[in-house]
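A short write-up of the structure that comes next.
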Amino acid sequence: MNLSVGPAPAEPEHVSTIGGSTRFVPGQSNDQITIVNGKVQLGQRLKDLWRNRELLVLLTRTELKVKYKNSVLGYLWSMLNPALVLAIYYVVFKIITKNGQPNFAIWLFAGLLVWNLFNGAAMGATGVVVGKASIVKKVAFPRELLALSVVGVAMVMFAIQVVVLVAALLLFGITPDFTFVTLLPLALVTLVVFTGAVSIFLSAVNVYLRDTQHLTEVLLMAWFWGTPIVYSFGQISGQLAKYPSLLWMKYVYLCNPVTPIVMTFQRAIYGQTQYTYMGNVTHVLPNWGVGTYAELDGVVLAVSVVLFLLALVVFGRLEGNFAEEL
C-alpha cells in the first residue's frame with residue numbers, strides 16, 4: 001500500500017501587527033493575519049492611525065447613523081438642541097436677570113460652539129470602548145480610532161451648529177471681526193487635538209474604572225462653569241483687579257486649556273471687547289491684538305500635542321488587557 005503525503009498547507013504570505021512591525025513569511029497564500037500588540041512604540045501607533053484613516057471615517061459615519069437611527073428629524077435635532085439651549089440661557093440671563101450685554105445670545109453661542117464639541121466628544125468617548133466590547137474582542141484594529149470617531153461625530157455636530165450661528169448672525173445683523181476670524185482655524189485645530197487627547201485617555205481608563213464615566217460628567221459640569229461662556233473673562237479679571245495680591249490668579253484661570261479657545265471664538269464672532277450699559281463701560285474681553293490670541297492658542301496647541309502623545313502611550317499600556325476586562 002502506498003501512502004502519499006499531500007503538500008503542507010501554504011503558510012500566510014505575511015503577518016502584520018497592529019501597532020507593531022510587519023514581517024513576511026514565505027508561502028503561497030495572500031491571506032494576512034493581524035495581531036494586536038499592546039506594547040507598541042509611539043511612532044508606530046501614529047503610523048497605524050494614519051494608515052487606518054479611512055476606517056476612522058467609516059466608524060464616524062457608523063456612529064452618526066446609530067445616533068439618529070429611527071429618528072424622523074435626524075440631523076435637524078443637532079440644530080434644535082443648541083437653539084433650545086441658547087433660548088433658555090437667553091431668557092434666564094437676558095430677561096430674568098436683566099443682563100445688559102447687547103447681543104448676549106451671540107456671545108453665548110460663540111462659547112457654546114466650543115464647549116459642545118469638547119463636552120460631547122469627551123462624554124461620548126468615555127464609554128465607547130466598553131460599548132463596542134464585541135468589536136474590540138473580535139476584530140484587530142487600532143482601538144484609539146473608536147475614541148477618535150466620537151470626536152469626528154462631535155466635529156460634524158459642530159459644523160451643523162455653525163449653520164445655526166450664521167443664521168443667528170444674519171438675524172441679529174451682527175458682523176464678525178474678520179481680522180480675528182482668521183484665527184478660528186488655529187483655534188479649532190487646537191480644540192480638536194486637545195479633545196482627542198482627553199477622549200483617548202478617558203476611553204482607556206473607563207475600561208478598568210467604570211466610575212470614570214460618571215466622574216467625567218460631574219467634572220465636565222464644573223469645568224463648564226470654570227470657563228468664560230455664560231459670563232465673560234472681563235468680569236473675572238475686573239474683580240481680581242480690585243485685589244492686587246490676587247492678580248496672579250488671572251493667569252491660573254488662563255491655564256484652563258479651553259479658555260483661550262473660547263475667548264478666540266468670542267473675539268472673532270462677537271466682534272467687540274466692551275459695551276456700555278447705563279453709562280458704565282463693561283469689558284468682556286481684554287484688548288489684545290491678533291498676535292496675543294494666536295500666541296495663547298499656539299501654547300495650548302503645543303501642550304495639546306504633548307497630551308495627545310501621552311494619551312496614546314497610556315492607551316497602549318492599558319490596551320493589552322482590554323479583552324479580559326471587557
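The values are calculated or read from the model by the stated rules, or taken from the named source; none is laboratory data. Note that this is a predicted model, so its numbers are computed, not measured. Heads up, the Cβs are rebuilt from the backbone with ideal geometry, glycines too, and the neighbour counts pull from every protein chain shown.
Can you pull out every residue in region 144-168 that is surrounded by 17 or more Cβ atoms within 10 Å (Cβ to Cβ) and farther than 25 Å from Val128 by Cβ?
Result: Val164, Leu165, Ala168.
Residue under question is Gly298, and the condition is that it be in the same structural domain as Ser149 (by TED's automatic domain parsing), touching a residue at least 60 places away in the same chain (Cβ under 8 Å), surrounded by fewer than 16 Cβ atoms within 10 Å (Cβ to Cβ) and out of contact with any strand residue (DSSP E or B) (no Cβ under 6 Å at 6 or more places or on another chain); does it hold? Break it down stepwise before answering.
Working: in the same structural domain as Ser149 (by TED's automatic domain parsing): yes; touching a residue at least 60 places away in the same chain (Cβ under 8 Å): yes; surrounded by fewer than 16 Cβ atoms within 10 Å (Cβ to Cβ): yes; out of contact with any strand residue (DSSP E or B) (no Cβ under 6 Å at 6 or more places or on another chain): yes.
For Gly298, the condition - in the same structural domain as Ser149 (by TED's automatic domain parsing), touching a residue at least 60 places away in the same chain (Cβ under 8 Å), surrounded by fewer than 16 Cβ atoms within 10 Å (Cβ to Cβ) and out of contact with any strand residue (DSSP E or B) (no Cβ under 6 Å at 6 or more places or on another chain) - is met.
Just one of (1) among the small types (Gly, Ala, Ser); (2) in contact (Cβ under 8 Å) with a residue 12 or more places away in the chain; (3) more than 20 Å from Leu117 (Cα to Cα) trips up Gly289, so point out which.
(2)
Is it true that Leu86 is more than 19 Å from Leu285 (Cα to Cα), aliphatic (A, V, I, L, M) and under 27 Å from the mean Cα position of the chain (by Cα)?
Numbers: more than 19 Å from Leu285 (Cα to Cα): yes; aliphatic (A, V, I, L, M): yes; under 27 Å from the mean Cα position of the chain (by Cα): yes.
Yes; evaluated as a whole, the condition is true for this residue.
Need a quick list: helices (runs of 4 or more DSSP H) entirely within region 226-326 having at least 3 residues that are more than 24 Å from the chain's Cα centre (by Cα). Break it down into steps so the answer makes sense when it comes.
Numbers: elements: 233-241, 248-253, 258-270, 290-319, 322-325.
In region 226-326, the matching helices (runs of 4 or more DSSP H) lie at 233-241, 248-253, 322-325.
Residues that are under 18 Å from the mean Cα position of the chain (by Cα): find the helices (runs of 4 or more DSSP H) completely inside region 114-216 holding 1 or more of those.
On the way: elements: 128-131, 133-138, 144-172, 178-181, 184-208.
Result: 128-131, 144-172, 184-208.
Under 7 Å between Cβ atoms, at least 6 apart or on separate chains: pull out the pairs that start in region 116-145 with a residue that is in the same structural domain as Thr195 (by TED's automatic domain parsing) and of a type in the set (Phe, Trp, Tyr) and end on any residue that is buried (at least 21 other Cβ atoms within 10 Å of the Cβ) and assigned to a helix (DSSP H, G or I).
If the second residue must be buried (at least 21 other Cβ atoms within 10 Å of the Cβ) and assigned to a helix (DSSP H, G or I), the pairs left are Phe118/Leu191; Phe118/Thr195; Phe118/Val258.
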